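Just below is one structure, and these are the notes that go with it.
Here, each number is a calculation from the coordinates, and none is a lab measurement. Everything numeric in this text was worked out from a predicted model, so none of it was measured. For neighbour counting, all protein chains shown are included, and Cβ atoms are generated from backbone atoms with ideal geometry for every residue, glycine included.
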Amino acid sequence: MIRLGSVNLKDIICNVDFAPTFCDLAGLKVPSYMQGVSFRPLLQGQTPSGWQQYNDDLGIEGAIPGGTEPWWELFDCDEDPLELLNIYHDPKYKDVVKEMTELLETKMMEIGDVTLHPRFQ
């Protein structure tokens, strides 16, 4: 049971985290080849240290023929809760962009995610 108010809405999970979570909830060992980690602690109101954030498609070719140019968004949700002002290119946030980019690259390495399609590098 997930108790009302026990989940931190700022914790974000990736699609690769669902299968390990299902294994964890079923009491099964997560196979070594499986990407992601169980988010069971999040369901119990606990945020593990080092729990990281969001990943997007980064413009990789897919549903759109030829792919799309990579683009990024960054919002200050405290100042802009409706996420209307993209501050990604604002020099005031360059350190935040750098930190988040490094966290994303680390997560991609951890789960074996691919880099950008060579056409976009």
Notebook entry, point to check: What list of ³J(HN,Hα) values in whole Hz, one per residue of the stretch 18-32 in order, does the Karplus curve 6.51 cos²θ - 1.76 cosθ + 1.60 (θ = phi - 60°) give from phi, with Gly and Pro shown as x?
Noted result: 5, 4, x, 5, 4, 4, 4, 5, 8, x, 9, 6, 6, x, 5
Item checked: Phi-based couplings in Hz for the stretch 35-43 (Karplus 6.51, -1.76, 1.60; Gly and Pro marked x) -> 7, x, 9, 5, 9, 3, x, 5, 5
Checklist line | ³J(HN,Hα) computed for each position of the stretch 91-106 - Karplus, 6.51 cos²θ - 1.76 cosθ + 1.60, integer Hz, glycine/proline x | finding: x, 4, 10, 4, 5, 5, 4, 4, 4, 5, 5, 5, 5, 5, 4, 4
Checklist line | Estimated distance in nm for a label pair at F18 and K94, the labels positioned 7 Å out from Cα along Cα-to-Cβ | finding: 4.0 nm
